[in-house]
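K.L.:
This is the structure I have questions about; it appears just below.
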Amino acid sequence: MTQPEDYESKRSQAAIDRVRDLVGADRLSVADRIARLYSEYIALDRDKLLRDALVASIASVTTPITGKPDKRRIVAVCGRSGAGKTTSIVKHIQNLKAMASYFDEDGVRIHPVIFIEAPSPCTPRLLAIAGLEALGHTPPDRIRENEAWLLFRRLLKVHKVMWVVIDEAQHTIEAASVREATVIGDAFKNLTQMTDWPVRLILIGVPPLASFLARKQLYNRRTVVPFDTVDAEGNTDLIKSILNTIVLEHAGMEIRIDIEETSADDHEEEKKKQGAFLKRLMHAGDAEFGSVVQMIRAAVELAMLDGRQYVLLDDFVKTYASFSGCRPSKNVFTAANWQDLDPATALLRDEDRAWEENKLKTKGKNATKYGVRPQ
């Protein structure tokens, strides 16, 4: 950590400590318990694939630069929003000693991994500038595209950076012209091919990142780890396992919810609400692992703040309402037609939909259902 970063870190911690001093011991105890809950990590089968890919990336560094290098110097993690991609990458990098920060022979703290969030819209120039800023460098306001990339490549060697993580990497193609996408693709290839200091790229993104990676420049230089949804064939076993892990193991609490399926002849209203709970939970999280985990943790947090040692259905009802902004009658955890509800558009009201339809009409397009891209 540089001296300015160390100073800012101390200032931030001092501000946090001041607030903690103003809060009672009981509330601090709950806050620390919540912090521990969120610090836990749940590994899935895909984590082995990801770790193997990162270990292979580390192994490629040991190949002599003068020798014939392995072309596969790009690891790409692709999946929808909420899949848990960034969390997984950060966790695995933290656990790999070769990627940890260290002090070199001159006593300078070296960070072999840097993180960049691709800007949106993402032009080749803006992406290079984001890279320079991640290195702690402020480029001239009028720096040209080619100058920015040349400087970025040079400073990667100066700072001894071996891995560049680019989050939201789909921005490199979403609004890019053919020329811009080609330039960025070439820039990625050049980073991995620098003769005296080839770096490894770790790209994280949602569709259309996969489309970008399919281009010839990158196809034979990448290893892809897909982060798929958790609703394979509608199986809720994984969801149940995640729920038990977070509530029972991580939080040390009870689950006071009927998570078993309700029989068809069971007409009691409360049991109807709690029946198919796991499927409702999966639907509320859009079948994305990260979103489901986030929702369970938030529900557990409500129980902790309420001073309870057990989690109720109402905790999930309130959590979903907070996350989605839905009307009470449209809550996935209580509505009879929960399968027809779309969590992503739950916040929208009639005036929002009317505005969307009017916007499409003014553009000369037929109005369509919100969230569906016009063809």
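K.L.:
Take the range 272-327 and flag every residue that is outside any helix (DSSP H, G or I) and either open to solvent by 30 Å² or more (accessible area, probe 1.4 Å) or at pLDDT 95 or above (or both).
P.N.:
Selection gives Asp286, Asp306, Gly307, Arg308, Gln309, Tyr310, Val311, Leu312, Arg327.
K.L.:
Can I ask one more? With the requirement that a residue be within 30 Å of the chain's Cα centre (by Cα), at pLDDT below 70 and open to solvent by 80 Å² or more (accessible area, probe 1.4 Å), what does the range 336-375 give you?
P.N.:
Arg353, Lys369, Tyr370, Arg373, Gln375
K.L.:
Now a separate question. Do any strands (runs of 3 or more DSSP E) entirely within the range 129-246 hold 1 or more residues that are touching a His at 6+ places or on another chain (Cβ under 8 Å) and either open to solvent by less than 50 Å² (accessible area, probe 1.4 Å) or among the hydrophobic types (A, V, I, L, M, F, W, C) (or both), and if so, which? Can you show your working first?
P.N.:
Numbers: elements: 163-167, 200-205, 222-227.
The qualifying strands (runs of 3 or more DSSP E) are 200-205.
K.L.:
Still on this structure, I have one more. Based on this model, can you work out whether Ala83 counts as closer than 30 Å to Thr192 by Cα and at pLDDT 90 or above? Break it down stepwise before answering.
P.N.:
On the way: closer than 30 Å to Thr192 by Cα: yes; at pLDDT 90 or above: yes.
Yes.
K.L.:
While we're on this one: What number of residues within the range 1-46 satisfy the criterion of being at pLDDT below 85, of a type in the set (A, V, I, L, M) and surrounded by fewer than 11 Cβ atoms within 10 Å (Cβ to Cβ)?
P.N.:
Adding up the residues that qualify gives 4.
K.L.:
In this structure, is Leu49 in contact with a His (Cβ under 7 Å, 6 or more places away or on another chain), assigned to a helix (DSSP H, G or I) and either open to solvent by 50 Å² or more (accessible area, probe 1.4 Å) or touching a residue at least 12 places away in the same chain (Cβ under 8 Å) (or both)? Outline the logic, then answer.
P.N.:
Values: in contact with a His (Cβ under 7 Å, 6 or more places away or on another chain): no; assigned to a helix (DSSP H, G or I): yes; either open to solvent by 50 Å² or more (accessible area, probe 1.4 Å) or touching a residue at least 12 places away in the same chain (Cβ under 8 Å) (or both): yes.
Here the answer is no, as Leu49 does not meet what is asked.
K.L.:
Could you list, in sequence order, the residues of the range 85-123 that are farther than 21 Å from Lys160 by Cβ and in contact with a Gly (Cβ under 9 Å, 6 or more places away or on another chain)?
P.N.:
Correct list: Lys85, Thr86, Thr87, Ser88, Ala118.
The values are calculated or read from the model by the stated rules, or taken from the named source; none is laboratory data. Quick caveat: nothing in here was measured; it's all calculated off a predicted structure. Counting neighbours? That spans all protein chains shown, and the Cβs are built from the backbone with ideal geometry, glycine included. Ligands, DNA and RNA are excluded from the accessible area calculation, which covers all protein heavy atoms including side chains. Shrake-Rupley method; radii C 1.70, N 1.55, O 1.52, S 1.80 Å.
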